Amino acid sequence: MNENMNAGKINENSACGKVWLAGAGPGDAGLLTVKAAHLIGNADVIVYDALISAELLSRIPQDTETIYVGKHSGNHPVPQHEINQILVREAKKGKEVLRLKGGDPFVFGRGGEELETLVSEQIPFEVVPGITSSVAVPAYAGIPVTHRDYTSSFHVITGHARKDGALSIDFDSLVRLNGTLVFLMSVSSMEKILKGLTDAGMDPDMPAAVLERGTTAGQRRVTATVGTLKAESDRVGIRTPAIIVVGKVCALADELHWAEDRPLGGRQFLLTRPRQNMSVLAGKLRDLGAQVIEMPAIHTEPISPNEPLKCALERFGQHEGGKWLVFTSPIGVNVFFDTLKEMKIDLRSVLGGTGKVRIGAIGSATADALCGYGLIPDAVPKTYSAGELGKELAEMSEPGECVLIARAEKGSPDLIPPLTEKGLYVDDIPLYCTVYEVNTLLKEEVVRMLQNGEIDAVTFTSASTVRGFVRAMGENETDYGSVRAVCIGEQTARAAAEYGMQIEISDQASMDAMAEKILELFGNRR
Ligand code: SAH
(Lines give C-alpha, C1' and ligand atoms only; values in the text may rest on other atoms or scores of the structure.)
Protein backbone atom coordinates (compact mmCIF):
# COMPACT_ATOMS: atom_id res chain seq x y z
CA MET A 1 0.00 0.00 0.00
CA ASN A 2 1.11 3.57 -0.39
CA GLU A 3 2.67 5.67 2.32
CA ASN A 4 -0.56 7.27 3.40
CA MET A 5 -2.11 3.96 4.11
CA ASN A 6 0.88 2.66 6.00
CA ALA A 7 0.83 5.86 7.96
CA GLY A 8 -2.72 4.91 8.88
CA LYS A 9 -1.51 1.92 10.85
CA ILE A 10 -2.09 2.38 14.54
CA ASN A 11 1.15 0.79 15.58
CA GLU A 12 3.95 1.03 13.02
CA ASN A 13 5.94 -1.71 14.71
CA SER A 14 3.04 -4.06 15.09
CA ALA A 15 2.97 -7.12 12.86
CA CYS A 16 -0.79 -6.67 12.67
CA GLY A 17 -2.34 -5.52 9.41
CA LYS A 18 -5.45 -3.45 9.01
CA VAL A 19 -8.97 -3.81 7.65
CA TRP A 20 -10.76 -1.33 5.40
CA LEU A 21 -14.51 -1.88 5.50
CA ALA A 22 -15.57 -0.35 2.20
CA GLY A 23 -18.68 0.02 0.10
CA ALA A 24 -18.38 -0.78 -3.61
CA GLY A 25 -21.56 1.00 -4.66
CA PRO A 26 -24.55 -0.63 -6.34
CA GLY A 27 -22.91 -2.10 -9.48
CA ASP A 28 -21.79 0.57 -11.96
CA ALA A 29 -18.00 0.75 -11.52
CA GLY A 30 -18.22 4.52 -12.01
CA LEU A 31 -19.97 4.72 -8.65
CA LEU A 32 -16.96 3.44 -6.73
CA THR A 33 -15.53 6.11 -4.47
CA VAL A 34 -12.01 7.26 -5.29
CA LYS A 35 -10.89 5.76 -2.00
CA ALA A 36 -12.47 2.35 -2.65
CA ALA A 37 -10.97 2.28 -6.17
CA HIS A 38 -7.56 3.00 -4.69
CA LEU A 39 -7.96 0.23 -2.13
CA ILE A 40 -9.02 -2.28 -4.81
CA GLY A 41 -5.76 -1.59 -6.62
CA ASN A 42 -3.59 -1.79 -3.53
CA ALA A 43 -4.98 -4.21 -0.93
CA ASP A 44 -3.15 -7.46 -0.14
CA VAL A 45 -6.37 -9.42 0.12
CA ILE A 46 -9.96 -8.60 -0.84
CA VAL A 47 -12.88 -10.26 0.96
CA TYR A 48 -15.97 -9.70 -1.17
CA ASP A 49 -19.69 -10.40 -1.53
CA ALA A 50 -22.12 -11.70 -4.16
CA LEU A 51 -23.28 -8.16 -4.97
CA ILE A 52 -19.90 -7.15 -6.41
CA SER A 53 -20.39 -6.93 -10.20
CA ALA A 54 -18.09 -8.50 -12.80
CA GLU A 55 -17.16 -5.00 -13.94
CA LEU A 56 -15.91 -4.28 -10.41
CA LEU A 57 -14.17 -7.65 -10.06
CA SER A 58 -12.30 -6.96 -13.29
CA ARG A 59 -10.59 -4.03 -11.52
CA ILE A 60 -8.88 -6.31 -9.03
CA PRO A 61 -5.22 -6.82 -9.99
CA GLN A 62 -4.45 -10.40 -11.04
CA ASP A 63 -2.00 -11.06 -8.24
CA THR A 64 -4.28 -9.81 -5.43
CA GLU A 65 -5.57 -12.57 -3.20
CA THR A 66 -9.38 -12.76 -3.05
CA ILE A 67 -11.78 -14.52 -0.71
CA TYR A 68 -15.42 -14.89 -1.76
CA VAL A 69 -17.89 -14.86 1.12
CA GLY A 70 -21.01 -14.10 -0.88
CA LYS A 71 -24.47 -14.89 0.29
CA HIS A 72 -27.23 -15.71 -2.13
CA SER A 73 -30.83 -15.15 -1.11
CA GLY A 74 -32.06 -18.01 1.09
CA ASN A 75 -28.63 -19.62 1.07
CA HIS A 76 -25.81 -18.59 3.36
CA PRO A 77 -22.60 -20.25 2.21
CA VAL A 78 -20.34 -18.41 4.68
CA PRO A 79 -21.90 -17.59 8.09
CA GLN A 80 -21.27 -14.10 9.46
CA HIS A 81 -19.12 -15.26 12.37
CA GLU A 82 -16.83 -17.02 9.89
CA ILE A 83 -16.52 -13.86 7.79
CA ASN A 84 -15.58 -12.00 10.98
CA GLN A 85 -12.93 -14.60 11.73
CA ILE A 86 -11.53 -14.44 8.17
CA LEU A 87 -11.00 -10.69 8.60
CA VAL A 88 -9.25 -11.23 11.94
CA ARG A 89 -7.11 -14.06 10.59
CA GLU A 90 -5.94 -12.14 7.51
CA ALA A 91 -5.22 -8.94 9.44
CA LYS A 92 -3.22 -10.89 12.02
CA LYS A 93 -1.05 -12.19 9.18
CA GLY A 94 -0.03 -8.56 8.77
CA LYS A 95 -2.12 -7.99 5.66
CA GLU A 96 -3.91 -4.90 4.40
CA VAL A 97 -7.39 -6.37 4.09
CA LEU A 98 -10.15 -4.82 1.98
CA ARG A 99 -13.59 -5.96 3.07
CA LEU A 100 -15.66 -4.96 0.04
CA LYS A 101 -19.43 -4.88 0.26
CA GLY A 102 -22.19 -3.93 -2.16
CA GLY A 103 -23.61 -0.42 -1.71
CA ASP A 104 -22.72 1.08 1.65
CA PRO A 105 -21.25 -1.23 4.32
CA PHE A 106 -23.57 0.03 7.07
CA VAL A 107 -26.85 -0.10 5.14
CA PHE A 108 -28.07 -3.63 5.85
CA GLY A 109 -24.52 -4.78 5.29
CA ARG A 110 -23.71 -6.16 8.76
CA GLY A 111 -20.67 -3.91 8.73
CA GLY A 112 -21.26 -3.04 12.38
CA GLU A 113 -20.92 -6.65 13.44
CA GLU A 114 -17.64 -7.02 11.57
CA LEU A 115 -16.24 -3.93 13.24
CA GLU A 116 -17.24 -5.13 16.71
CA THR A 117 -15.16 -8.24 16.16
CA LEU A 118 -12.21 -6.16 14.94
CA VAL A 119 -12.44 -3.91 17.99
CA SER A 120 -12.51 -6.86 20.36
CA GLU A 121 -9.41 -8.27 18.64
CA GLN A 122 -7.73 -4.84 18.65
CA ILE A 123 -7.33 -4.80 14.89
CA PRO A 124 -7.00 -1.36 13.31
CA PHE A 125 -9.65 -0.46 10.75
CA GLU A 126 -11.16 2.28 8.61
CA VAL A 127 -14.65 2.59 7.16
CA VAL A 128 -15.11 3.76 3.56
CA PRO A 129 -18.78 4.59 2.96
CA GLY A 130 -20.21 3.57 -0.39
CA ILE A 131 -23.04 4.77 -2.59
CA THR A 132 -26.05 2.86 -1.35
CA SER A 133 -28.46 1.14 -3.71
CA SER A 134 -31.35 2.63 -1.74
CA VAL A 135 -30.68 6.04 -3.29
CA ALA A 136 -28.65 5.23 -6.43
CA VAL A 137 -30.93 2.56 -7.89
CA PRO A 138 -33.97 4.87 -7.86
CA ALA A 139 -31.76 7.65 -9.29
CA TYR A 140 -30.74 5.45 -12.25
CA ALA A 141 -34.42 4.68 -12.82
CA GLY A 142 -35.37 8.37 -12.91
CA ILE A 143 -36.88 8.37 -9.40
CA PRO A 144 -35.66 11.14 -7.07
CA VAL A 145 -36.16 9.80 -3.52
CA THR A 146 -37.29 13.25 -2.40
CA HIS A 147 -39.02 16.01 -4.32
CA ARG A 148 -40.39 19.27 -2.91
CA ASP A 149 -43.78 18.78 -4.52
CA TYR A 150 -44.36 15.23 -3.32
CA THR A 151 -42.42 14.19 -0.25
CA SER A 152 -40.16 15.57 2.41
CA SER A 153 -38.53 12.38 3.67
CA PHE A 154 -37.41 8.96 2.56
CA HIS A 155 -37.09 5.83 4.64
CA VAL A 156 -35.03 2.72 4.01
CA ILE A 157 -36.52 -0.51 5.34
CA THR A 158 -35.43 -4.12 5.14
CA GLY A 159 -37.99 -6.50 3.69
CA HIS A 160 -36.03 -9.47 4.96
CA ALA A 161 -38.43 -11.79 6.77
CA ARG A 162 -37.71 -13.47 10.11
CA LYS A 163 -37.22 -17.25 10.23
CA ASP A 164 -40.97 -17.76 10.79
CA GLY A 165 -41.71 -15.78 7.62
CA ALA A 166 -43.11 -12.72 9.44
CA LEU A 167 -41.92 -9.18 8.78
CA SER A 168 -40.95 -6.93 11.65
CA ILE A 169 -42.25 -3.75 10.03
CA ASP A 170 -44.51 -1.23 11.74
CA PHE A 171 -46.71 -0.49 8.71
CA ASP A 172 -48.99 1.93 10.58
CA SER A 173 -46.07 4.22 11.40
CA LEU A 174 -44.64 3.94 7.89
CA VAL A 175 -47.90 4.95 6.24
CA ARG A 176 -48.27 7.90 8.64
CA LEU A 177 -44.80 9.20 7.71
CA ASN A 178 -46.06 10.03 4.25
CA GLY A 179 -42.53 9.81 2.80
CA THR A 180 -40.90 7.76 0.07
CA LEU A 181 -40.42 4.16 1.25
CA VAL A 182 -37.49 2.12 -0.05
CA PHE A 183 -37.53 -1.61 0.75
CA LEU A 184 -34.31 -3.59 0.35
CA MET A 185 -34.17 -7.41 0.25
CA SER A 186 -37.84 -7.32 -0.55
CA VAL A 187 -38.53 -9.39 -3.68
CA SER A 188 -39.64 -12.55 -1.88
CA SER A 189 -41.75 -10.63 0.62
CA MET A 190 -43.26 -8.19 -1.90
CA GLU A 191 -46.81 -9.43 -1.47
CA LYS A 192 -46.67 -9.10 2.34
CA ILE A 193 -45.16 -5.63 2.15
CA LEU A 194 -47.75 -4.28 -0.27
CA LYS A 195 -50.61 -5.85 1.70
CA GLY A 196 -49.16 -4.51 4.95
CA LEU A 197 -49.22 -0.99 3.49
CA THR A 198 -52.80 -1.14 2.20
CA ASP A 199 -54.02 -2.80 5.41
CA ALA A 200 -52.52 0.15 7.27
CA GLY A 201 -54.54 2.53 5.14
CA MET A 202 -52.32 3.38 2.17
CA ASP A 203 -54.19 4.21 -1.02
CA PRO A 204 -53.82 1.20 -3.40
CA ASP A 205 -53.37 3.72 -6.21
CA MET A 206 -50.17 5.08 -4.62
CA PRO A 207 -47.38 4.87 -7.25
CA ALA A 208 -44.81 2.12 -6.62
CA ALA A 209 -41.87 0.61 -8.48
CA VAL A 210 -39.64 -2.42 -8.35
CA LEU A 211 -36.10 -1.88 -9.66
CA GLU A 212 -33.88 -4.84 -10.52
CA ARG A 213 -30.07 -4.80 -10.85
CA GLY A 214 -30.07 -1.01 -10.82
CA THR A 215 -27.11 0.97 -12.20
CA THR A 216 -25.90 -2.05 -14.22
CA ALA A 217 -26.40 -2.79 -17.92
CA GLY A 218 -29.10 -5.26 -16.92
CA GLN A 219 -31.23 -2.81 -14.93
CA ARG A 220 -34.99 -3.24 -15.22
CA ARG A 221 -37.81 -1.06 -13.91
CA VAL A 222 -41.44 -1.85 -13.32
CA THR A 223 -43.65 1.07 -12.33
CA ALA A 224 -47.21 0.47 -11.18
CA THR A 225 -49.23 1.14 -8.03
CA VAL A 226 -49.23 -0.49 -4.63
CA GLY A 227 -52.30 -2.43 -5.77
CA THR A 228 -50.82 -3.70 -9.05
CA LEU A 229 -47.07 -3.92 -8.49
CA LYS A 230 -46.97 -7.58 -7.49
CA ALA A 231 -48.83 -8.77 -10.60
CA GLU A 232 -46.74 -6.54 -12.88
CA SER A 233 -43.52 -7.67 -11.27
CA ASP A 234 -44.48 -11.35 -11.68
CA ARG A 235 -45.42 -10.77 -15.29
CA VAL A 236 -41.94 -9.40 -16.03
CA GLY A 237 -40.23 -11.99 -13.81
CA ILE A 238 -38.34 -9.58 -11.51
CA ARG A 239 -35.66 -11.30 -9.45
CA THR A 240 -33.25 -10.33 -6.70
CA PRO A 241 -31.32 -8.07 -6.31
CA ALA A 242 -34.10 -5.54 -6.53
CA ILE A 243 -35.64 -2.82 -4.40
CA ILE A 244 -39.23 -1.73 -4.01
CA VAL A 245 -39.94 1.99 -3.93
CA VAL A 246 -43.31 3.30 -2.77
CA GLY A 247 -44.40 6.91 -3.05
CA LYS A 248 -45.58 9.63 -5.42
CA VAL A 249 -42.05 10.15 -6.77
CA CYS A 250 -42.28 6.75 -8.52
CA ALA A 251 -44.63 8.28 -11.08
CA LEU A 252 -41.79 10.58 -12.20
CA ALA A 253 -39.82 7.68 -13.67
CA ASP A 254 -41.88 7.63 -16.85
CA GLU A 255 -40.66 11.14 -17.56
CA LEU A 256 -37.25 11.23 -15.89
CA HIS A 257 -35.78 7.85 -16.94
CA TRP A 258 -32.36 8.28 -18.54
CA ALA A 259 -29.84 5.48 -17.90
CA GLU A 260 -31.08 3.07 -20.54
CA ASP A 261 -31.49 5.92 -23.04
CA ARG A 262 -27.77 6.69 -23.24
CA PRO A 263 -26.22 5.72 -26.63
CA LEU A 264 -24.91 2.43 -25.18
CA GLY A 265 -27.17 2.27 -22.10
CA GLY A 266 -28.19 -1.27 -21.20
CA ARG A 267 -25.18 -2.69 -23.07
CA GLN A 268 -22.30 -4.65 -21.64
CA PHE A 269 -18.99 -5.39 -23.37
CA LEU A 270 -16.01 -7.55 -22.55
CA LEU A 271 -12.58 -6.16 -23.47
CA THR A 272 -9.64 -8.52 -23.94
CA ARG A 273 -6.72 -6.17 -24.68
CA PRO A 274 -3.55 -6.22 -22.59
CA ARG A 275 -4.10 -4.02 -19.56
CA GLN A 276 -1.68 -1.27 -20.57
CA ASN A 277 -3.77 -0.59 -23.71
CA MET A 278 -7.19 -1.12 -22.25
CA SER A 279 -8.36 2.10 -20.77
CA VAL A 280 -8.85 4.15 -23.94
CA LEU A 281 -11.55 1.95 -25.44
CA ALA A 282 -13.08 1.14 -22.04
CA GLY A 283 -13.35 4.88 -21.31
CA LYS A 284 -15.02 5.63 -24.63
CA LEU A 285 -17.60 2.88 -24.17
CA ARG A 286 -18.33 3.89 -20.57
CA ASP A 287 -18.79 7.51 -21.64
CA LEU A 288 -21.48 6.25 -24.01
CA GLY A 289 -23.27 4.51 -21.12
CA ALA A 290 -22.03 0.93 -21.48
CA GLN A 291 -20.85 -1.35 -18.72
CA VAL A 292 -17.38 -2.66 -19.51
CA ILE A 293 -15.67 -5.75 -18.14
CA GLU A 294 -11.93 -5.62 -18.60
CA MET A 295 -10.46 -9.09 -18.83
CA PRO A 296 -7.06 -8.99 -20.53
CA ALA A 297 -6.50 -12.23 -22.47
CA ILE A 298 -2.77 -11.64 -22.93
CA HIS A 299 0.10 -9.67 -21.55
CA THR A 300 3.62 -9.13 -22.76
CA GLU A 301 6.78 -9.99 -20.87
CA PRO A 302 10.15 -8.49 -21.80
CA ILE A 303 12.96 -11.00 -22.32
CA SER A 304 15.50 -10.14 -19.65
CA PRO A 305 18.43 -10.44 -19.61
CA ASN A 306 18.67 -10.31 -23.39
CA GLU A 307 22.18 -11.40 -24.43
CA PRO A 308 21.26 -11.98 -28.10
CA LEU A 309 20.13 -8.34 -28.30
CA LYS A 310 23.36 -7.15 -26.72
CA CYS A 311 25.47 -9.09 -29.25
CA ALA A 312 23.29 -7.99 -32.18
CA LEU A 313 23.62 -4.34 -31.13
CA GLU A 314 27.42 -4.68 -31.02
CA ARG A 315 27.46 -6.19 -34.52
CA PHE A 316 25.10 -3.47 -35.69
CA GLY A 317 27.27 -0.70 -34.26
CA GLN A 318 30.39 -2.12 -35.95
CA HIS A 319 28.80 -2.72 -39.36
CA GLU A 320 30.31 -0.31 -41.84
CA GLY A 321 27.69 -0.24 -44.61
CA GLY A 322 24.12 1.02 -44.53
CA LYS A 323 21.86 -0.39 -41.85
CA TRP A 324 18.24 -0.54 -40.70
CA LEU A 325 16.80 -0.68 -37.21
CA VAL A 326 13.25 -2.05 -37.52
CA PHE A 327 10.29 -2.12 -35.12
CA THR A 328 6.92 -3.84 -35.55
CA SER A 329 4.89 -2.68 -32.52
CA PRO A 330 4.72 0.19 -30.03
CA ILE A 331 5.33 -2.30 -27.22
CA GLY A 332 8.49 -3.42 -29.07
CA VAL A 333 9.71 0.19 -29.13
CA ASN A 334 9.12 0.67 -25.42
CA VAL A 335 10.69 -2.64 -24.47
CA PHE A 336 13.71 -1.88 -26.70
CA PHE A 337 14.47 1.34 -24.85
CA ASP A 338 13.74 -0.20 -21.45
CA THR A 339 16.20 -2.99 -22.27
CA LEU A 340 18.89 -0.52 -23.41
CA LYS A 341 18.47 1.26 -20.10
CA GLU A 342 18.67 -1.98 -18.16
CA MET A 343 21.82 -3.05 -20.03
CA LYS A 344 23.29 0.47 -19.74
CA ILE A 345 23.77 0.72 -23.50
CA ASP A 346 24.05 4.26 -24.84
CA LEU A 347 21.98 4.91 -27.96
CA ARG A 348 24.99 6.65 -29.56
CA SER A 349 26.93 3.37 -29.59
CA VAL A 350 24.07 1.80 -31.55
CA LEU A 351 23.47 4.60 -34.03
CA GLY A 352 26.87 6.24 -34.09
CA GLY A 353 29.12 3.86 -36.16
CA THR A 354 30.38 4.66 -39.62
CA GLY A 355 27.44 3.28 -41.63
CA LYS A 356 24.29 5.28 -42.24
CA VAL A 357 21.43 4.19 -39.96
CA ARG A 358 17.80 4.26 -41.03
CA ILE A 359 14.72 3.34 -39.01
CA GLY A 360 11.73 1.25 -40.15
CA ALA A 361 8.28 1.02 -38.49
CA ILE A 362 5.39 -1.26 -39.42
CA GLY A 363 2.63 1.32 -38.94
CA SER A 364 1.63 4.71 -37.58
CA ALA A 365 1.30 3.65 -33.93
CA THR A 366 4.83 2.22 -33.95
CA ALA A 367 6.10 5.34 -35.73
CA ASP A 368 4.47 7.50 -33.01
CA ALA A 369 6.15 5.48 -30.28
CA LEU A 370 9.54 6.01 -32.00
CA CYS A 371 8.94 9.75 -32.31
CA GLY A 372 8.49 9.76 -28.54
CA TYR A 373 12.14 8.72 -28.28
CA GLY A 374 13.30 11.30 -30.81
CA LEU A 375 13.51 8.94 -33.79
CA ILE A 376 11.52 9.72 -36.92
CA PRO A 377 11.23 6.57 -39.08
CA ASP A 378 12.49 6.56 -42.68
CA ALA A 379 10.12 3.83 -43.80
CA VAL A 380 6.47 3.29 -42.76
CA PRO A 381 4.49 1.23 -45.32
CA LYS A 382 0.97 2.44 -46.18
CA THR A 383 -0.56 -0.96 -45.49
CA TYR A 384 -0.06 -2.41 -42.03
CA SER A 385 1.57 -5.81 -42.76
CA ALA A 386 4.90 -7.50 -42.07
CA GLY A 387 5.24 -8.58 -45.73
CA GLU A 388 4.73 -4.99 -46.95
CA LEU A 389 7.32 -3.70 -44.50
CA GLY A 390 9.85 -6.31 -45.77
CA LYS A 391 9.21 -5.32 -49.39
CA GLU A 392 9.53 -1.61 -48.73
CA LEU A 393 12.78 -2.01 -46.80
CA ALA A 394 14.22 -4.23 -49.56
CA GLU A 395 13.33 -1.66 -52.21
CA MET A 396 15.06 1.10 -50.29
CA SER A 397 18.29 -0.89 -49.63
CA GLU A 398 21.44 -2.09 -51.40
CA PRO A 399 22.71 -5.68 -51.04
CA GLY A 400 25.14 -6.07 -48.13
CA GLU A 401 23.31 -3.69 -45.82
CA CYS A 402 22.29 -5.05 -42.42
CA VAL A 403 18.86 -5.11 -40.77
CA LEU A 404 18.27 -5.46 -37.04
CA ILE A 405 14.64 -6.36 -36.30
CA ALA A 406 13.67 -5.86 -32.66
CA ARG A 407 10.24 -7.44 -32.10
CA ALA A 408 8.03 -10.07 -30.45
CA GLU A 409 9.21 -13.64 -29.99
CA LYS A 410 6.80 -15.07 -32.53
CA GLY A 411 6.84 -12.29 -35.09
CA SER A 412 5.35 -12.81 -38.55
CA PRO A 413 7.77 -14.79 -40.81
CA ASP A 414 6.61 -12.74 -43.85
CA LEU A 415 9.00 -9.94 -42.96
CA ILE A 416 12.20 -11.89 -43.65
CA PRO A 417 12.14 -13.35 -47.24
CA PRO A 418 12.08 -10.02 -49.12
CA LEU A 419 15.12 -8.92 -47.09
CA THR A 420 17.26 -12.03 -47.55
CA GLU A 421 16.34 -12.22 -51.26
CA LYS A 422 17.75 -8.71 -51.64
CA GLY A 423 21.03 -9.92 -50.08
CA LEU A 424 20.66 -8.08 -46.75
CA TYR A 425 22.07 -9.44 -43.47
CA VAL A 426 19.16 -9.95 -41.08
CA ASP A 427 19.29 -10.15 -37.28
CA ASP A 428 15.78 -11.03 -36.05
CA ILE A 429 15.92 -10.48 -32.27
CA PRO A 430 13.04 -11.29 -29.89
CA LEU A 431 12.48 -8.58 -27.26
CA TYR A 432 9.35 -9.84 -25.53
CA CYS A 433 6.96 -12.74 -25.49
CA THR A 434 3.17 -12.82 -25.34
CA VAL A 435 1.73 -14.71 -22.41
CA TYR A 436 -1.88 -15.86 -22.18
CA GLU A 437 -3.73 -14.71 -19.07
CA VAL A 438 -6.42 -16.60 -17.23
CA ASN A 439 -8.51 -14.54 -14.83
CA THR A 440 -9.70 -17.25 -12.45
CA LEU A 441 -11.75 -14.73 -10.50
CA LEU A 442 -13.88 -13.78 -13.49
CA LYS A 443 -13.88 -16.92 -15.58
CA GLU A 444 -16.97 -18.63 -14.17
CA GLU A 445 -18.97 -15.43 -14.00
CA VAL A 446 -18.07 -14.49 -17.58
CA VAL A 447 -18.95 -17.96 -18.92
CA ARG A 448 -22.31 -17.66 -17.13
CA MET A 449 -22.91 -14.17 -18.52
CA LEU A 450 -22.06 -15.25 -22.07
CA GLN A 451 -24.47 -18.18 -21.79
CA ASN A 452 -27.23 -15.88 -20.52
CA GLY A 453 -26.64 -13.34 -23.28
CA GLU A 454 -25.65 -10.66 -20.75
CA ILE A 455 -22.54 -9.68 -22.74
CA ASP A 456 -23.43 -7.95 -25.99
CA ALA A 457 -20.01 -8.29 -27.60
CA VAL A 458 -16.38 -9.14 -26.96
CA THR A 459 -13.68 -6.95 -28.49
CA PHE A 460 -10.46 -8.33 -29.97
CA THR A 461 -7.48 -6.26 -31.03
CA SER A 462 -5.19 -9.07 -32.23
CA ALA A 463 -5.37 -12.75 -33.13
CA SER A 464 -3.53 -13.53 -29.90
CA THR A 465 -6.29 -11.88 -27.82
CA VAL A 466 -8.78 -14.25 -29.50
CA ARG A 467 -6.68 -17.29 -28.70
CA GLY A 468 -5.99 -16.07 -25.18
CA PHE A 469 -9.70 -15.46 -24.56
CA VAL A 470 -10.66 -18.94 -25.76
CA ARG A 471 -7.95 -20.52 -23.63
CA ALA A 472 -9.15 -18.57 -20.60
CA MET A 473 -12.79 -19.55 -21.12
CA GLY A 474 -12.00 -23.20 -21.88
CA GLU A 475 -12.11 -24.44 -25.50
CA ASN A 476 -15.05 -26.74 -24.96
CA GLU A 477 -16.96 -25.09 -22.17
CA THR A 478 -18.44 -22.21 -24.10
CA ASP A 479 -20.50 -22.11 -27.25
CA TYR A 480 -18.64 -19.42 -29.16
CA GLY A 481 -21.30 -19.40 -31.90
CA SER A 482 -23.34 -16.97 -29.82
CA VAL A 483 -20.40 -14.64 -29.13
CA ARG A 484 -20.37 -11.43 -31.15
CA ALA A 485 -16.74 -10.55 -31.78
CA VAL A 486 -15.84 -6.97 -32.71
CA CYS A 487 -12.39 -7.30 -34.33
CA ILE A 488 -9.79 -4.71 -35.24
CA GLY A 489 -8.79 -6.22 -38.62
CA GLU A 490 -9.03 -9.15 -41.01
CA GLN A 491 -6.34 -11.24 -39.36
CA THR A 492 -8.02 -10.92 -35.95
CA ALA A 493 -11.40 -11.71 -37.50
CA ARG A 494 -10.03 -14.89 -39.10
CA ALA A 495 -8.90 -16.10 -35.67
CA ALA A 496 -12.37 -15.39 -34.20
CA ALA A 497 -14.04 -17.13 -37.14
CA GLU A 498 -12.05 -20.30 -36.39
CA TYR A 499 -14.09 -20.63 -33.19
CA GLY A 500 -17.35 -19.91 -34.96
CA MET A 501 -17.86 -16.45 -33.43
CA GLN A 502 -20.11 -13.92 -35.17
CA ILE A 503 -17.70 -11.43 -36.66
CA GLU A 504 -17.77 -7.66 -36.98
CA ILE A 505 -14.73 -5.73 -38.19
CA SER A 506 -13.98 -2.09 -37.41
CA ASP A 507 -13.41 0.11 -40.45
CA GLN A 508 -9.94 1.14 -39.32
CA ALA A 509 -7.29 -0.19 -36.97
CA SER A 510 -7.89 2.32 -34.18
CA MET A 511 -9.76 2.53 -30.88
CA ASP A 512 -11.96 5.33 -32.22
CA ALA A 513 -13.01 3.11 -35.10
CA MET A 514 -13.69 0.21 -32.70
CA ALA A 515 -15.93 2.44 -30.56
CA GLU A 516 -17.71 3.73 -33.67
CA LYS A 517 -18.34 0.20 -34.91
CA ILE A 518 -19.80 -0.78 -31.54
CA LEU A 519 -22.03 2.27 -31.52
CA GLU A 520 -23.22 1.51 -35.03
CA LEU A 521 -24.03 -2.10 -34.10
CA PHE A 522 -25.41 -1.71 -30.59
CA GLY A 523 -26.32 1.95 -30.18
CA ASN A 524 -29.79 2.99 -29.03
CA ARG A 525 -31.45 5.05 -31.70
CA ARG A 526 -33.99 6.84 -29.55
N1 SAH B 1 -25.38 -2.41 1.61
C2 SAH B 1 -26.22 -2.49 0.46
C3 SAH B 1 -27.49 -3.25 0.72
C4 SAH B 1 -27.25 -4.68 1.10
S5 SAH B 1 -28.74 -5.57 1.33
C6 SAH B 1 -26.49 -1.07 -0.06
O7 SAH B 1 -26.20 -0.09 0.62
O8 SAH B 1 -26.97 -0.97 -1.18
C9 SAH B 1 -28.93 -6.29 -0.28
C10 SAH B 1 -30.12 -5.67 -0.98
O11 SAH B 1 -29.72 -4.42 -1.56
C12 SAH B 1 -30.62 -6.45 -2.16
O13 SAH B 1 -31.48 -7.48 -1.74
C14 SAH B 1 -31.37 -5.39 -2.91
O15 SAH B 1 -32.60 -5.12 -2.30
C16 SAH B 1 -30.50 -4.19 -2.71
N17 SAH B 1 -29.59 -3.97 -3.83
C18 SAH B 1 -28.26 -3.92 -3.79
N19 SAH B 1 -27.75 -3.63 -5.01
C20 SAH B 1 -28.81 -3.49 -5.82
C21 SAH B 1 -28.96 -3.18 -7.20
N22 SAH B 1 -27.89 -2.95 -7.98
N23 SAH B 1 -30.19 -3.11 -7.72
C24 SAH B 1 -31.28 -3.33 -6.95
N25 SAH B 1 -31.19 -3.63 -5.65
C26 SAH B 1 -29.98 -3.70 -5.08
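The values are calculated or read from the model by the stated rules, or taken from the named source; none is laboratory data. As the structure is a computational prediction, the values presented were derived from the model and not from experiment. Positions of Cβ are generated from backbone atoms using ideal geometry, with glycine treated the same way; all protein chains shown enter the neighbour counts. Side chains are part of the model used for accessible areas, which takes the heavy atoms of the whole protein and leaves out ligands, DNA and RNA. Shrake-Rupley method; radii C 1.70, N 1.55, O 1.52, S 1.80 Å.
Ignoring ligands, DNA and RNA, what accessible area per residue does the chain give at 1.4 Å, in Å²? Value returned for the chain: 47 Å² of accessible area per residue. Sequence-ordered 3J(HN,Hα) estimates for region 217-227 from the Karplus curve with 6.51, -1.76 and 1.60 and θ = phi - 60° stand at 5, x, 5, 10, 9, 10, 10, 7, 10, 4, x Hz, glycine and proline given as x. Per residue, the convex hull around the alpha carbon atoms of region 237-302 comes to 127 Å³. The C-alpha radius of gyration of region 33-182, expressed as a fraction of 2.2 N^0.38 Å, stands at 1.21.
Considering only THR66, VAL470, HIS147, the residue lying farthest towards the positive end of the dipole of the chain is HIS147, judged by Cα position with unit charges set on Cβ.
Within the same chain, aspartates and glutamates fewer than 8 places from LYS92 are excluded, and of the rest, those with a Cα less than 12 Å from its Cα are GLU121. Modelled spin-label separation between SER279 and ASN524, with each label point placed 7 Å from Cα along the Cα-to-Cβ direction: 2.8 nm. Extension gain for GLN451 to LEU351 (0.36 nm times residue separation, less C-alpha to C-alpha distance): 30.6 nm. The residues neighbouring SER349, those whose beta-carbon lies less than 14 Å from its own, together hold a net charge of +4 under the Lys/Arg +1, Asp/Glu -1 convention. Taking a point 7 Å out from the Cα of ARG494 in the direction of its Cβ, the residues of region 372-389 whose backbone N falls within less than 15 Å of it are 384-388. For the residue pairs LYS410/LYS517; LYS18/LYS101; LYS195/LYS248, alpha carbon separations beyond 22 Å are given by LYS410/LYS517.
Past 25 Å, Cα to Cα, is the threshold; run LYS356/LYS391; LYS35/LYS95; LYS284/LYS382; LYS35/LYS284; LYS323/LYS391; LYS341/LYS422 against it and keep the listed order.
LYS284/LYS382; LYS341/LYS422
Its Cα centre serving as origin, the chain has a Cβ charge dipole (Lys and Arg +1, Asp and Glu -1) of approximately 600 debye. Carbon-plus-sulfur accessible fraction, region 182-309 (probe radius 1.4 Å, protein heavy atoms only): 52%. Have a look at the DSSP beta bridges in the chain and tell me what percent are antiparallel, nearest 5. Within the chain, antiparallel bridges account for around 30 percent of the total.
The distance linking region 89-157 with region 159-213 is 22 Å (Cα centroid to Cα centroid, whole angstrom).
Computed over every Cα-Cα pair of the chain and binned at 10 Å starting from 0, the pair-distance distribution P(r) comes out as 3, 16, 21, 21, 17, 11, 6, 4, 1, 0 percent.
Looking at region 290-445 alone, DSSP beta bridges between its own residues are antiparallel in about 20 percent of cases.
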